[in-house]
Amino acid sequence: MKILVINGPNINMLGIREPDVYGKKSYADLLAFIRQSACGIGVDVDLFQSNNEGAIVDIIQWAYGKIDGIVINPAAYTHTSIAILDALKAVVIPAVEVHISDINNREEFRRHSYISPACLKTIAGKGFDGYKEAIEYLRKYITEAAGS
Ligand code: CA2
């Protein structure tokens, strides 16, 4: 089973500023955590990060026919991007949306996600653990879908 983990703009800056919101760990730490979480349950992961909306749309389109599930933290594009919503809807790959912080308890503008209608589930406010939960959820979902 192959899962693509997509991180949006500025996630590569983790640990550099706003440790109170996003924690002290770096993007490299996040990648190591995701690899370890996936490996522990026999899932292959592809990891992708971009600061560009079009590049995120491109990788979602690339995933069509090659990837079983998508974990996506669209970062600030969560609150603006109809293009990413449309790309996820177009490929019809099971997807889970993840946010490190609790977007429902921050600024008002972070409460709305354009992406969630294309996702099975949204996990927010659980830090890095949210990515692990998303991978585990997709593994179960995809396994059950294949058996039915
Ligand atoms: O909580 C999340 O995971 C977010 O998707 C992170 C985004 C934010 O725009 C979303 O509303 C919620 C921000 C990504 C990282 O931004 C940084 C800002 C300063 C220092 C380091 C990272």
Q) Only one residue in Ile123, Ile84 is assigned to a strand (DSSP E or B) and not charged (D, E, K, R), so which one is that? A) Ile123
**Q.** Ile72 of a type in the set (A, V, I, L, M, F, W, C) and buried (at least 17 other Cβ atoms within 10 Å of the Cβ)
**A.** yes
Q) Are any residues in the stretch 56-104 aromatic (Phe, Trp, Tyr) and more than 26 Å from Ala146 (Cα to Cα), and if so, which ones? A) Tyr77
Q. Which ranges mark the helices (runs of 4 or more DSSP H) fully within the stretch 1-71 that have 3 or more residues being without any contact (Cβ under 8 Å) to a residue 24 or more places away in the chain?
A. 27-39, 53-63
Q: Would you please name the residue that is nearest to the ligand (Cβ to nearest atom), looking only at residues in the stretch 89-98 that are crowded, with 23+ Cβ neighbours inside 10 Å and of a type outside the set (Asp, Glu)?
A: Val98
Q) So Asn104 clears everything in (1) away from the ligand (no atom under 14 Å from the Cβ); (2) surrounded by fewer than 21 Cβ atoms within 10 Å (Cβ to Cβ) except one condition, right? Which one? A) (1)
Q: Would you please name the residue that is surrounded by the most Cβ atoms within 10 Å (Cβ to Cβ), looking only at residues in the stretch 8-29 that are of a type in the set (A, V, I, L, M, F, W, C) and near the ligand (Cβ under 10 Å from one of its atoms)?
A: Leu14
(Q) Every residue in the stretch 75-86 that is buried (at least 19 other Cβ atoms within 10 Å of the Cβ) and over 14 Å from the mean Cα position of the chain (by Cα), please. (A) Ser81
Q) Which of (1) in contact with a strand residue (DSSP E or B) (Cβ under 8 Å, 6 or more places away or on another chain); (2) within 16 Å of Pro9 (Cα to Cα) is the odd one out, the single condition Thr80 does not satisfy? A) (1)
Q: Name the single residue, out of those in the stretch 53-69 being surrounded by fewer than 18 Cβ atoms within 10 Å (Cβ to Cβ) and of a type in the set (D, E, K, R), that is nearest to the chain's Cα centre (by Cα).
A: Asp58
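We did not get these values from a lab; they are worked out from the coordinates using the rules stated. Fair warning: this is a prediction, and the values are worked out from it, not measured in the lab. So basically every Cβ, Gly included, is an ideal-geometry build from the backbone, and we count neighbours across all protein chains shown.
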